Amino acid sequence: MNLLFSPPSLEDFSCLLKAWRFWLLAALIGALIGAAIYYVAPPPYRARATVLVDFNLEQAWPKDTDRQQFYYLERESRKLEEIAWSDSVLQVVADNHGLTVSELRNEKLILSQPAEGGWHFYADDKERKRAESIASTWAQAFADQARAKIGQSDGLNSFIQVDVTQSADLPVERSTSISTYLLTSVLTFMTLAAFGVLFFHKNK
């Protein structure tokens with residue numbers, strides 16, 4: 001146990017450098033194992049639908065300061081985000097795909113958006129087509145609900161425009177790339193190799 005907590009020395013660094021072949025072997029083994037894990041138990045697919053949100057600042061605040069526009073954007077963005085995660089919107093997605101709202105919130109859906117512009121609706125699933133369908137349904141349900149709230153006294157500003165711009169033939173990729181698997185596995189095995197070299201060296 002003392003070997004693990006003893007301070008490193010120049011001799012330890014020298015030993016590690018001399019074991020470069022062992023490092024390369026560990027990196028190769030790590031890469032092979034990482035690739036094997038990726039193909040044997042791949043991460044879920046992730047589909048992305050897009051909704052264009054235009055706040056029309058020039059019309060909403062034609063004579064006011066940038067600070068007021070900033071607060072306007074922040075306030076309306078929060079309202080839109082609440083709509084995206086609302087029970088009514090998620091229930092539409094859940095009913096269409098045999099899921100629960102809890103599953104959607106905690107496992108399936110990711111929202112990524114700027115204050116103004118394209119809001120990206122991501123959905124994860126083991127099946128490529130199903131991930132695409134879930135993302136598309138979520139984006140459409142959000143847009144429908146947001147439009148219904150525009151102009152209401154307790155809803156969204158009447159100048160806001162919400163349009164689904166990408167709901168078919170969505171871009172779909174794995175939620176985690178193979179390079180992440182490879183890098184994680186290589187670093188793990190190289191770290192273990194370093195401990196192995198030092199342990200063997202200190203016990204010689």
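The values are calculated or read from the model by the stated rules, or taken from the named source; none is laboratory data. The shown structure was predicted, so the numbers you read here are calculated from the model rather than taken from an experiment. In this analysis, Cβ positions are derived from the backbone assuming ideal geometry, glycine residues included, and neighbour counts consider all displayed protein chains. In case anyone asks, the SASA skips ligands and DNA or RNA and just uses the protein heavy atoms, side chains included. Shrake-Rupley method; radii C 1.70, N 1.55, O 1.52, S 1.80 Å.
In terms of accessible area, using a 1.4 Å probe and ignoring ligands and nucleic acids, 71, 39 rank largest first as 39, 71. Summarising the label geometry, the points placed 7 Å from Cα in the beta-carbon direction at residue 172 and residue 81 lie 2.9 nm from one another.
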